[in-house]
Each structure stands twice: as structure tokens, then as C-alpha cells.
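Below you'll find the structure, written out as C-alpha cells, and then a few comments.
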Amino acid sequence: MILPSPRRILVVRRDNIGDLVCTTPLLSVLRGRFPEARITALVNSYNAPVLNGNPEVDEICVYRKAKHRKPGESKLRIWLETWRLIQRLRSESFDVVIVATPGYQHGALRFARWVRAKRVIAYGEAAQGIDAPITPAQTGSCHETEAVMRLLLQLDIHDAPGSVCVFPDAMLAAAVVLPRGDGPLIALHISARKPAQRWPVGHFAELARALYANYGARFLLFWSPGAENHAQHPGDDNKAQRLLELCHDLPLLPCPTQRLEDLIAGLSRCDQVICSDGGAMHLAAGLGKPIICFFGNSSARRWRPWGVLHELLQPDSHNVTDVSVAEALAAYDRLQVRLPGREIRSTSCNFGDSATA
């Protein structure tokens, strides 16, 4: 059954950075289809900056997961904050809650039920408390943006997802210190959550030298801050320092990013991005940057950069350490050939009456 046009919409996306970036086309379509509706996004403190400055959203409601609490802060305080937020959302009397996750997610659905909206659209079954369920089948061959967009079929929306969108803070972007020179400015993001996604620091150094020699390239270095032995949030400070030492004579500057807003601002200043699959890659896509990306043991079909020019390298071993510097350099060369005004197309799955542009 097609739901009537809603006046108040809540979109719930509680996952990681890239997941929320891949949900921005859904927000754009909702705004275009229901220009007078009030659209609220419920996100977590980790991924919330993805939506900063997004004109499609009227309000961003942020809750904190217990694992993201500050040192010495009790879980009880976090739970009380969350409960107060739920009470406020209940008072909004939402016409529809969209759980924008391609698959049944118990925690997000629990949030949706607590808000007591008139209708809940989500992946799952009606028996799971979903008023407008979407069957998870047939999403395995889709990109994440396409799988999310299928939820809008319940609102009689068959649009294909457009570009993902992220908006940098202008003041933070202006404050980024850039290396001297007039060659292309390339972001090197050296961190990845999964071990099989981590390209060796020596490879990054060798590639940087080749790009400087061939293109006069300049570089900004990005990484996940912190020590590698940190129990909750291991970082790559040591790896970044090693790369800086290996490239001490190149126009390469570190760009420390303690906050997600800083990472978005820094990436926005670059011409191109070289990174592994992960949140930074999707942010780069949201900023419209051409990308060289390394894929290990994640699905390239589901998680490739959406809507931007890119070269994707995934070895048969599904371990990015097996991507050679020569292969990465050849991919960069191919990217340069494709840069001037060529249309970017992407293979998509079909659903409803839509097709991906």
C-alpha cells in the first residue's frame, strides 16, 4: 500500500560515516518530492558531521552510543540523554519514520517504534513492527545508495539515487595549510579499519615520489589520529610519522583531523584522493573528488565511490597489500585521461521503474 504524502518525516541512520553519506541521495529526493515537509535526521555523534550544512534536512538530532561516551562518564547518563531525545521526538508526531538501513536492524527499528510515528518504513517483515516493510531480497547486487533508495517505493517514489553530498565548513577549509606549488593537490589517506584494506606505508611513499616526478604533485596527508595500541580507537600516528619521514623532501604536509569536520574540510581542498575503502572515501565522493581507491575484503559493487570519477583496485587475494605501486600509478594515469568532461556512469541493479544515472 502506498502511503499518503507525509508532512513530518524522520530518517534514522545510526551506522558509520560511509553509510550516512550513502543516505544523502535519499534525503535529496525526499526534499524534492515533499518540499513543504519537515525532514529530521536521527544520527549518532560519530557520523553526525556528515550532514552539517546539508540543505535537505531541517533538523539533525544526535544521540550518543554508550561506547562513544567520554572517559569517566556513566552509561546511565548516556541512556538518560537518549530517553529525553526520544521523548522530544515523540512530541513531533511524525507521519513516517524511515529506517534507512538496507537490512533488518533491531536497534534502529526499536528507535522508530519508541518515537511512535504513524508509519514505519524499514527493511524487514510486518511481524517485526514495520507498517511498510521492504523485503531485503534482491539488494545484494545493488550499491548501498540504491538499496537505501528502495525504501521510498512505499511513498510511490521510483527515482534513481543522485550524487552523494557532503558540505565542508568554509572557515575550516580556509584554515587548511597547503603545500607550495602549482601541481595537483592529492589527498593521501593512509588509514583503514580492516587489516586487509591497509596499503603499506612504503607503497604510499613510493607512489608519492612517482606522482611528484611525473605530475609535480603536492600532497596532504590524512590518517586516523591516535596510537595504534589504543583499546577503543586505534590510530595511525606512527604510520603517518613514518610516511612523513620517508617523504621529507616532497611537498607533503600533514593534515591532522581530530574531528570529522576537519577531515571533510581538508579533503575539500584537494583535487584528487587516494585511499582505501572506508569513510574517508565516501566523504571524498560526497565532495565530488576523483578517487583512486583500494578494496580488500569488502564488496566493491556495494561500496564503490558513488557518482564520481574513480579507479578501483581490488586484487584477487582481496588484500590490498597485493596492489603494487605500479598498478596504483597506472590507475592514476588512467584517471587523468578520464578527467576532462567525460560522463561518469556506474553499473546498477534495477528496482521498481528506476535506473541509475
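The values are calculated or read from the model by the stated rules, or taken from the named source; none is laboratory data. No experiment lies behind these values; they were computed from the predicted model shown. So basically every Cβ, Gly included, is an ideal-geometry build from the backbone, and we count neighbours across all protein chains shown.
Things to note:
- Within the stretch 113-153, the set of residues being more than 30 Å from G288 (Cβ to Cβ), of a type outside the set (K, R) and at pLDDT 85 or above comprises W114, V115, A117, V120, A122.
- Tally, over the stretch 100-137, of residues that are under 21 Å from C22 (Cβ atoms), part of a loop (DSSP other than H, G, I, E, B), of a type outside the set (S, T, N, Q) and in contact (Cβ under 8 Å) with a residue 60 or more places away in the chain: 1
- Scanning the stretch 292-315 for residues that are more than 15 Å from the chain's Cα centre (by Cα), farther than 13 Å from Q197 by Cα and part of a loop (DSSP other than H, G, I, E, B) yields one hit, L309.
- Candidate set from the stretch 81-99 (those that are touching a residue at least 24 places away in the same chain (Cβ under 8 Å) and under 26 Å from the mean Cα position of the chain (by Cα)); member that is nearest to R8 (Cα to Cα): V96
- So L267, is it free of Cβ contacts under 8 Å to residues at least 60 places away in the same chain, of a type in the set (A, V, I, L, M) and surrounded by 24 or more Cβ atoms within 10 Å (Cβ to Cβ): no
- Taken together, the residues in the stretch 299-323 that are among the polar types (S, T, N, Q) and closer than 18 Å to S141 by Cβ amount to 2.
- Selection status of L329, touching a residue at least 60 places away in the same chain (Cβ under 8 Å), outside any strand (DSSP E or B) and either buried (at least 22 other Cβ atoms within 10 Å of the Cβ) or of a type in the set (F, W, Y) (or both): no
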